[in-house]
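Q: Next up is a structure, given as structure tokens.
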Amino acid sequence: CVPGTATCQNVDHVWVDTGSVGLRLFASSFTAQLPTQTQSGNVVANCIQFVSNSYMWGAMRTADVKIAGLKATSMPIQVVNDTAVTTTAPSACGGTAITTVGGATGLGANGLLGVGVFQQDCGSGCQNNPTPPTPFYYTCPAGTCSPVFEATGSQNQNVAGLFPTDNNGVLVQMQSLASGSASTATGSLIFGIGTRSNNALGSAVVFAANPASGNLQTSTTYGDLTEPASYVDSGTNFWQFNDSTITQCPSSGNDVGFYCPASTLARSATMTPWNTTATAFTYNFNIADISNTGAVSGNAANNVGGPSVNCTPPSTMPCTFAWGLPFFFGRNVFVAIESSTAVTGTTVLPPFIAASTP
């Protein structure tokens, strides 16, 4: 909604992403004239990078955001492909722009709802550093973009943390997939943790996340490798990890970047909190040939995997273990937001990730 008014629009097909923070809508998904955010008379723009070597670029605007009967008032959001800023992102964004919207092309969604463990997408680093970090916030006078400082309250915000109630995190519930894949799958995004009868932690294992680690939340041990750069991410649609013993798919076609083993493989990985004295837990999963699962045509699958990208030398990016969307099927996954209130059912303070153990 335009802030403080009844001028509102519903936006459907928004991708729920536990690996990022902030509401990011494509300009083509709505028509409301939301006020722009400015510095020194120039519209503020934002770049967000993803581990898939892609990014979103667009103007910062302000909106009242309503979801499931809850409302975040005057919330900063990013509008991607917004004509209020130059269409050319600064080179620091790197990678490939996510620009195509709708159907089975591009992102396949009208936007991204980031509900990760942090309250802002940059935090104090974009407010207190000696120089503005990149790539985050910019102004582009005369079409030339330069990084700028951005106060934490003006950054992209975790909408769940701005609600007046049920604001300490979210619970993502997805149905089980008995055969490994299905043509469709359903689930729920439930706000709050331990605030109502339908969002209690129960027996979920709680993994403390490092509040100083950006989007890298926990540590994962897979085989004889330990990846400290590990995160739980509903926005990644496969198990993402490196294993040179698993056959990769051919270097052309729709299956590039995935694993194509000759037969389904049983694997396991152990998630460990950043404060390693706490409880770790080992989860089992399967990796199948993606060309036989139907996942590339948009189906749901819990047994699709692929290697991490852009992390081999000379790249400075760490290799990661991403507990992607397959991890969510048939499991309760909780995301507790930094600096939020203590959560009923655990002595671990937010931020943390918690997951049930089937």
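Q: Looking at region 155-168, is at least one residue assigned to a strand (DSSP E or B), open to solvent by 20 Å² or more (accessible area, probe 1.4 Å) and either closer than 30 Å to Asn303 by Cβ or not aromatic (Phe, Trp, Tyr) (or both)?
A: Filtering region 155-168 for residues assigned to a strand (DSSP E or B) gives 157.
Pick out the ones that are also open to solvent by 20 Å² or more (accessible area, probe 1.4 Å) and you get none.
Taking every residue of region 155-168 in turn, none turns out to be assigned to a strand (DSSP E or B), open to solvent by 20 Å² or more (accessible area, probe 1.4 Å) and either closer than 30 Å to Asn303 by Cβ or not aromatic (Phe, Trp, Tyr) (or both).
Q: Give the number of residues within region 36-80 that are β-branched (Val, Ile, Thr) and more than 19 Å from the chain's Cα centre (by Cα). Before you say what the answer is, go through the steps one by one.
A: If we filter region 36-80 for residues that are β-branched (Val, Ile, Thr), which is where we start, we get 36, 38, 43-44, 48, 51, 62, 65, 67, 73, 77, 79-80.
When the remaining residues are screened for being more than 19 Å from the chain's Cα centre (by Cα), the result is 36, 38, 43-44, 62, 73.
Of the residues in that region, 6 qualify.
Q: So which of Gly95, Gly123, Gly114 ends up being within 20 Å of the chain's Cα centre (by Cα) and at pLDDT 95 or above?
A: Details: Gly95 fails: at pLDDT 95 or above; Gly123 fails: at pLDDT 95 or above.
Exactly one of Gly95, Gly123, Gly114 is within 20 Å of the chain's Cα centre (by Cα) and at pLDDT 95 or above, namely Gly114.
Q: Does any residue in region 346-358 that is under 13 Å from Asn168 (Cα atoms) come within less than 8 Å, Cβ to Cβ, of a residue that is charged (D, E, K, R) six or more places away or on a different chain, and which pairs are these?
A: Within 8 Å, the pairs are Pro350/Glu338; Pro351/Glu338.
Q: Those residues that are open to solvent by 20 Å² or more (accessible area, probe 1.4 Å), part of a strand (DSSP E or B) and either small (Gly, Ala, Ser) or out of contact with any Ser or Thr (no Cβ under 9 Å at 6 or more places or on another chain) (or both), I need them from region 169-208; list them, please.
A: Of everything in region 169-208, those that are open to solvent by 20 Å² or more (accessible area, probe 1.4 Å), part of a strand (DSSP E or B) and either small (Gly, Ala, Ser) or out of contact with any Ser or Thr (no Cβ under 9 Å at 6 or more places or on another chain) (or both) turn out to be Ser181, Ala182, Gly187, Ser188, Leu189, Ile190.
Q: Could I ask something else about it? Of all the residues that make up region 41-51, how many are touching a helix residue (DSSP H, G or I) at 6+ places or on another chain (Cβ under 6 Å) and either among the basic types (Lys, Arg) or open to solvent by less than 20 Å² (accessible area, probe 1.4 Å) (or both)? First the steps, then the outcome.
A: So the first thing to find is which residues in region 41-51 are touching a helix residue (DSSP H, G or I) at 6+ places or on another chain (Cβ under 6 Å), and the list is 42, 47.
Remaining after also requiring either among the basic types (Lys, Arg) or open to solvent by less than 20 Å² (accessible area, probe 1.4 Å) (or both): 47.
Of the residues in region 41-51, 1 are touching a helix residue (DSSP H, G or I) at 6+ places or on another chain (Cβ under 6 Å) and either among the basic types (Lys, Arg) or open to solvent by less than 20 Å² (accessible area, probe 1.4 Å) (or both).
Q: Now a separate question. Search region 241-296 for residues being at pLDDT 90 or above, among the aliphatic types (A, V, I, L, M) and not in a loop (DSSP other than H, G, I, E, B), and hand back the single one that is nearest to Ala229 (Cα to Cα).
A: Only one residue tops the list, namely Met271.
Q: To continue, here is another question. Can you list residue pairs whose Cβ atoms sit under 7 Å apart, with the first residue in region 143-154 being at negative phi and the second being open to solvent by 60 Å² or more (accessible area, probe 1.4 Å)? Count only pairs 6 or more apart in sequence or on different chains.
A: Short answer, once both residue conditions are applied: Pro147/Thr134; Phe149/Gln127; Glu150/Gln127; Ala151/Gln127; Thr152/Ser124; Thr152/Gln127.
Q: What is the residue count in region 135-147 for residues that are more than 19 Å from the chain's Cα centre (by Cα) and open to solvent by 20 Å² or more (accessible area, probe 1.4 Å)?
A: Applying the first criterion (more than 19 Å from the chain's Cα centre (by Cα)) to region 135-147 yields 138-147.
From the residues that got through so far, the ones that are open to solvent by 20 Å² or more (accessible area, probe 1.4 Å) too are 140-147.
Result for region 135-147: 8.
Q: Being of a type in the set (S, T, N, Q) and within 22 Å of Gln157 (Cβ to Cβ) narrows it down to one residue among Thr88, Thr62; which is it? First the steps, then the outcome.
A: Details: Thr88 fails: within 22 Å of Gln157 (Cβ to Cβ).
When all the criteria are applied, what remains is Thr62.
Q: Can I ask one more? Pull out all pairs, ordered by first then second residue, where Cβ-Cβ is under 8 Å, the residues are six or more apart or on different chains, the first lies in region 1-23 and is under 17 Å from Leu189 (Cα atoms) and charged (D, E, K, R), and the second is at pLDDT below 95 and open to solvent by 30 Å² or more (accessible area, probe 1.4 Å).
A: Between residues of region 1-23 that are under 17 Å from Leu189 (Cα atoms) and charged (D, E, K, R) and residues that are at pLDDT below 95 and open to solvent by 30 Å² or more (accessible area, probe 1.4 Å), the close pairs are Asp12/Asn110.
Q: Also, quick follow-up: Looking only at region 297-316, which residues are over 21 Å from Gln49 (Cα atoms), surrounded by fewer than 17 Cβ atoms within 10 Å (Cβ to Cβ) and either at pLDDT 65 or above or in contact with a strand residue (DSSP E or B) (Cβ under 9 Å, 6 or more places away or on another chain) (or both)?
A: Once the filter is applied, which keeps residues that are over 21 Å from Gln49 (Cα atoms), surrounded by fewer than 17 Cβ atoms within 10 Å (Cβ to Cβ) and either at pLDDT 65 or above or in contact with a strand residue (DSSP E or B) (Cβ under 9 Å, 6 or more places away or on another chain) (or both), region 297-316 yields only Asn299.
Q: Now for a different question. Quick one: would you say Phe321 is open to solvent by less than 50 Å² (accessible area, probe 1.4 Å), at pLDDT 65 or above and within 21 Å of Gly187 (Cβ to Cβ)? Explain how you work it out, then say what you get.
A: On the way: open to solvent by less than 50 Å² (accessible area, probe 1.4 Å): yes; at pLDDT 65 or above: yes; within 21 Å of Gly187 (Cβ to Cβ): no.
The answer is no for Phe321.
For every residue, the table says whether it meets (1) surrounded by fewer than 15 Cβ atoms within 10 Å (Cβ to Cβ); (2) within 27 Å of Ser308 (Cα to Cα).
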residue	(1), (2)
Gly4	yes, no
Thr7	yes, no
Asn10	yes, no
Val16	no, yes
Gly22	no, yes
Ser29	no, no
Gln39	no, no
Asn53	yes, yes
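Every residue, every condition in (1) touching a Cys at 6+ places or on another chain (Cβ under 9 Å); (2) within 23 Å of Leu70 (Cα to Cα); (3) assigned to a strand (DSSP E or B), yes or no:
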site: Cys1; (1), (2), (3): yes, yes, no
site: Gly4; (1), (2), (3): no, yes, no
site: Asn10; (1), (2), (3): no, yes, no
site: Trp15; (1), (2), (3): no, yes, yes
site: Gly19; (1), (2), (3): no, yes, no
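Q: Sticking with this structure for a sec: Counting just the residues of region 317-338 that are of a type in the set (A, V, I, L, M, F, W, C) and part of a strand (DSSP E or B), which one comes out farthest from Asn198 (Cα to Cα)? Full working, then the answer.
A: First, the residues of region 317-338 that are of a type in the set (A, V, I, L, M, F, W, C): 317, 319, 321-323, 325, 327-329, 333-337.
Still in the running and part of a strand (DSSP E or B): 321-323, 329, 333-336.
Values: Phe321: 30, Ala322: 27, Trp323: 24, Phe329: 18, Val333: 13, Phe334: 12, Val335: 15, Ala336: 15 Å.
Ranking the qualifying residues of region 317-338, first place goes to Phe321.
The values are calculated or read from the model by the stated rules, or taken from the named source; none is laboratory data. Quantities reported herein were computed from a predicted structural model and do not represent experimental measurements. As a convention, Cβ positions derive from the backbone with ideal geometry for all residues, glycine included, and neighbour counts pool all protein chains shown. Note: areas computed on protein heavy atoms with side chains; ligands, DNA, RNA excluded. Shrake-Rupley method; radii C 1.70, N 1.55, O 1.52, S 1.80 Å.
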